[in-house]
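Student: For reference, the structure I am asking about is given below.
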Amino acid sequence: MKNLQLVLALLLMSFSVSAQDLAMNTSVNYNNSSSYDIANYPVAPLLEKTIYTYRYKGEDVLVVFSKDEHIEYFNNKQYFIKSKIEWTANNRCFMTIKESNLPNFPFRSGSKLYMKITKIKRGYVFYESTLGGRTWLGKMKKLQ
(Lines give C-alpha, C1' and ligand atoms only; values in the text may rest on other atoms or scores of the structure.)
Protein backbone atom coordinates (compact mmCIF):
# COMPACT_ATOMS: atom_id res chain seq x y z
CA MET A 1 0.00 0.00 0.00
CA LYS A 2 2.84 2.37 0.84
CA ASN A 3 4.47 1.54 -2.47
CA LEU A 4 1.27 2.42 -4.31
CA GLN A 5 1.03 5.77 -2.48
CA LEU A 6 4.67 6.50 -3.33
CA VAL A 7 4.11 5.67 -6.99
CA LEU A 8 1.00 7.87 -7.10
CA ALA A 9 2.86 10.75 -5.41
CA LEU A 10 5.76 10.46 -7.87
CA LEU A 11 3.34 10.29 -10.77
CA LEU A 12 1.47 13.40 -9.58
CA MET A 13 4.75 15.31 -9.06
CA SER A 14 6.00 14.41 -12.51
CA PHE A 15 2.70 15.53 -14.02
CA SER A 16 2.77 18.87 -12.16
CA VAL A 17 6.37 19.53 -13.22
CA SER A 18 5.45 18.72 -16.81
CA ALA A 19 2.40 20.96 -16.66
CA GLN A 20 4.46 23.80 -15.19
CA ASP A 21 7.17 23.35 -17.80
CA LEU A 22 4.53 23.32 -20.50
CA ALA A 23 2.93 26.52 -19.18
CA MET A 24 6.27 28.33 -18.83
CA ASN A 25 7.52 27.35 -22.28
CA THR A 26 4.35 27.96 -24.26
CA SER A 27 4.16 31.19 -26.21
CA VAL A 28 0.87 33.01 -26.13
CA ASN A 29 -0.50 35.02 -29.02
CA TYR A 30 -2.65 37.91 -27.86
CA ASN A 31 -5.50 38.91 -30.09
CA ASN A 32 -5.01 42.59 -30.95
CA SER A 33 -8.76 43.19 -31.01
CA SER A 34 -9.02 42.37 -27.31
CA SER A 35 -6.07 44.49 -26.21
CA TYR A 36 -6.27 48.27 -25.79
CA ASP A 37 -3.93 51.22 -25.69
CA ILE A 38 -4.53 53.91 -23.08
CA ALA A 39 -3.60 56.55 -25.69
CA ASN A 40 -6.76 55.64 -27.61
CA TYR A 41 -8.95 56.95 -24.79
CA PRO A 42 -9.43 60.72 -24.60
CA VAL A 43 -8.70 62.68 -21.44
CA ALA A 44 -11.82 64.05 -19.74
CA PRO A 45 -10.70 67.51 -18.58
CA LEU A 46 -12.19 68.96 -15.42
CA LEU A 47 -12.50 72.46 -16.92
CA GLU A 48 -13.98 71.85 -20.34
CA LYS A 49 -16.75 74.25 -21.47
CA THR A 50 -16.86 76.27 -18.25
CA ILE A 51 -16.51 79.90 -17.19
CA TYR A 52 -14.65 81.13 -14.10
CA THR A 53 -13.53 84.37 -12.54
CA TYR A 54 -10.61 85.37 -10.34
CA ARG A 55 -9.36 88.64 -8.86
CA TYR A 56 -6.21 90.31 -10.20
CA LYS A 57 -5.09 93.71 -8.88
CA GLY A 58 -8.58 94.32 -7.49
CA GLU A 59 -10.34 93.56 -10.78
CA ASP A 60 -12.32 90.53 -11.89
CA VAL A 61 -10.78 88.46 -14.69
CA LEU A 62 -13.14 86.31 -16.73
CA VAL A 63 -11.73 82.88 -17.71
CA VAL A 64 -13.38 80.80 -20.42
CA PHE A 65 -12.44 77.18 -21.07
CA SER A 66 -13.61 75.47 -24.25
CA LYS A 67 -12.57 72.11 -25.62
CA ASP A 68 -9.13 73.22 -26.79
CA GLU A 69 -8.92 76.94 -25.98
CA HIS A 70 -8.49 79.07 -22.88
CA ILE A 71 -9.20 82.82 -22.86
CA GLU A 72 -8.70 85.28 -20.01
CA TYR A 73 -10.54 88.60 -20.36
CA PHE A 74 -9.41 91.71 -18.46
CA ASN A 75 -11.03 95.13 -17.99
CA ASN A 76 -14.55 94.11 -19.13
CA LYS A 77 -13.22 92.16 -22.15
CA GLN A 78 -11.12 95.08 -23.40
CA TYR A 79 -7.94 92.97 -23.08
CA PHE A 80 -7.39 89.25 -23.45
CA ILE A 81 -4.93 86.37 -23.42
CA LYS A 82 -5.81 83.49 -25.74
CA SER A 83 -4.15 80.10 -25.36
CA LYS A 84 -4.35 76.70 -26.96
CA ILE A 85 -5.01 74.16 -24.23
CA GLU A 86 -3.73 70.58 -24.23
CA TRP A 87 -4.92 68.30 -21.45
CA THR A 88 -2.41 65.64 -20.37
CA ALA A 89 -4.66 64.30 -17.58
CA ASN A 90 -8.09 65.26 -16.29
CA ASN A 91 -6.48 67.74 -13.86
CA ARG A 92 -3.30 68.80 -15.75
CA CYS A 93 -2.74 70.79 -18.90
CA PHE A 94 -0.40 72.94 -20.91
CA MET A 95 -1.63 76.28 -22.20
CA THR A 96 0.34 77.65 -25.13
CA ILE A 97 -0.18 81.38 -25.59
CA LYS A 98 -1.50 82.19 -29.07
CA GLU A 99 -2.10 85.92 -28.76
CA SER A 100 -2.60 88.72 -26.27
CA ASN A 101 -3.37 92.43 -26.29
CA LEU A 102 -2.88 92.84 -22.53
CA PRO A 103 -0.60 95.86 -21.93
CA ASN A 104 2.80 95.05 -20.41
CA PHE A 105 2.21 91.31 -20.67
CA PRO A 106 5.73 89.85 -20.40
CA PHE A 107 5.11 86.60 -22.33
CA ARG A 108 5.02 86.06 -26.08
CA SER A 109 3.14 83.72 -28.36
CA GLY A 110 4.42 80.18 -27.93
CA SER A 111 5.10 80.53 -24.18
CA LYS A 112 3.75 77.52 -22.28
CA LEU A 113 1.99 77.61 -18.95
CA TYR A 114 1.60 74.38 -17.00
CA MET A 115 -1.45 74.10 -14.74
CA LYS A 116 -2.32 71.41 -12.23
CA ILE A 117 -5.73 71.45 -10.54
CA THR A 118 -5.14 70.59 -6.90
CA LYS A 119 -8.68 70.76 -5.50
CA ILE A 120 -12.27 71.60 -6.36
CA LYS A 121 -14.35 72.75 -3.43
CA ARG A 122 -17.57 74.77 -2.98
CA GLY A 123 -17.55 76.20 -6.50
CA TYR A 124 -13.83 77.04 -6.51
CA VAL A 125 -11.03 75.46 -8.48
CA PHE A 126 -7.66 75.59 -6.75
CA TYR A 127 -4.60 75.24 -8.97
CA GLU A 128 -0.85 75.50 -9.23
CA SER A 129 0.59 77.14 -12.35
CA THR A 130 4.09 77.49 -13.74
CA LEU A 131 5.09 79.95 -16.45
CA GLY A 132 8.46 81.48 -17.25
CA GLY A 133 10.17 79.73 -14.36
CA ARG A 134 7.71 81.08 -11.78
CA THR A 135 5.18 78.93 -9.92
CA TRP A 136 2.17 80.24 -8.03
CA LEU A 137 -1.03 79.03 -6.41
CA GLY A 138 -4.44 80.39 -7.35
CA LYS A 139 -8.16 79.84 -7.25
CA MET A 140 -11.04 80.55 -9.61
CA LYS A 141 -14.75 80.75 -8.86
CA LYS A 142 -17.08 78.89 -11.21
CA LEU A 143 -19.72 81.05 -12.90
CA GLN A 144 -21.25 78.52 -15.31
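The values are calculated or read from the model by the stated rules, or taken from the named source; none is laboratory data. All values reported here derive from a predicted model rather than from experimental measurement. Every residue, glycine among them, receives a Cβ derived from its backbone with ideal geometry; neighbour counts consider all protein chains shown.
Student: Going by the conditions given, is K119 among the basic types (K, R) and surrounded by fewer than 17 Cβ atoms within 10 Å (Cβ to Cβ)?
Tutor: yes
Student: Regarding segment 69-87, can at least one residue be identified that is more than 20 Å from L143 (Cβ to Cβ) and at pLDDT below 95?
Tutor: yes
Student: Let me spell it out: the conditions are (1) in contact (Cβ under 8 Å) with a residue 12 or more places away in the chain; (2) exposed (fewer than 14 other Cβ atoms within 10 Å of the Cβ); (3) assigned to a strand (DSSP E or B); (4) among the hydroxyl-bearing types (S, T, Y), and S83 meets all of them except one. Which number is the exception?
Tutor: Of the numbered conditions (1) in contact (Cβ under 8 Å) with a residue 12 or more places away in the chain; (2) exposed (fewer than 14 other Cβ atoms within 10 Å of the Cβ); (3) assigned to a strand (DSSP E or B); (4) among the hydroxyl-bearing types (S, T, Y), the odd one out for S83 is (2).
Student: Inside segment 88-112, can you point out the residues that are crowded, with 17+ Cβ neighbours inside 10 Å and out of contact with any Phe, Trp or Tyr (no Cβ under 7 Å at 6 or more places or on another chain)?
Tutor: N91, R92, M95
Student: Across segment 101-137, which residue is farthest from N91 (Cα to Cα) among those that are more than 19 Å from the chain's Cα centre (by Cα) and in contact (Cβ under 8 Å) with a residue 24 or more places away in the chain?
Tutor: P103
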